[in-house]
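The values are calculated or read from the model by the stated rules, or taken from the named source; none is laboratory data. This one's a predicted model, so the numbers in the text were calculated from it and none came from an experiment. Glycine gets a Cβ as well: all are built from the backbone with ideal geometry, and neighbour counts include every protein chain shown. Please note that ligands, DNA and RNA were not included when accessible areas were found on the heavy atoms of the full protein model with its side chains. Shrake-Rupley method; radii C 1.70, N 1.55, O 1.52, S 1.80 Å.
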Amino acid sequence: SAGQDEDDPHAGHNHGSASDDDTEAHRFSYVGHLKTFFELGEASTIEFGASAILNREDLVNWRKTWAADLTLKWVPPGAARYTSLEWLTEYMSSELDGITTEGLYTGIRYQTSQRWWIQQRGALLDFTAKANNQAYRSESLVAFAPSERTALRLQYGFEDSLNDKGASAKPLPVHEVFLQAIVSIGPHPAHAY
């Protein structure tokens, strides 16, 4: 091509630039997770957790995310295969470019017999006062587990906006139904506790 030195094999051929290196090679995420676990008695446990994530969205903006969670479990020693109760709650906050987004969910799961579970969860999404996408979500689930390696789950989910901007601007509620079949192959994983 015109203007290139024919004796230089690299003339006019660029294998990357400093800007490519800055935007791709140095995009790291920093993650931290801390949890602690206590026995409240022979049948009950409590676990507290905290997480933090810091990552770059671009050359200037960093996203800062943190979360806290609480898990309570009740598993009676004499009937652990037949009944149990678990309550989990988690809060998460993420900040980017001065805008904060928050979410909170809580759920309870109850084992009614050796093979049946029921679960209910609720969530508030983006519930800060200035948010435009405030919503709530509810999920109900029934599960049948004929063995440790197989399960069938039926779940219904409902999500609706909390913002009241008139009938034309407010999104329609979302209804979801899921049927899931789970089959595990390989060694049974160890239980955390």
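Residue count for region 87-108 under the criterion of being at pLDDT 95 or above and open to solvent by 60 Å² or more (accessible area, probe 1.4 Å): the result is 2.
Scanning region 168-180 for residues that are at pLDDT below 95, more than 24 Å from Ala123 (Cβ to Cβ) and open to solvent by 60 Å² or more (accessible area, probe 1.4 Å) turns up at least one hit. Would you please name the residue that is most open to solvent (accessible area, probe 1.4 Å), looking only at residues in region 23-47 that are modelled with pLDDT of 50 or more and assigned to a helix (DSSP H, G or I)? Out of the qualifying residues, it is Glu24. For region 63-80, a residue qualifies if it is within 28 Å of the chain's Cα centre (by Cα) and open to solvent by 60 Å² or more (accessible area, probe 1.4 Å), and the qualifying residues are Arg63, Lys64, Trp66, Trp74. Just one of the listed residues (Ser138, Ser84) is open to solvent by 30 Å² or more (accessible area, probe 1.4 Å) and more than 22 Å from Gly32 (Cα to Cα), and it is Ser138.
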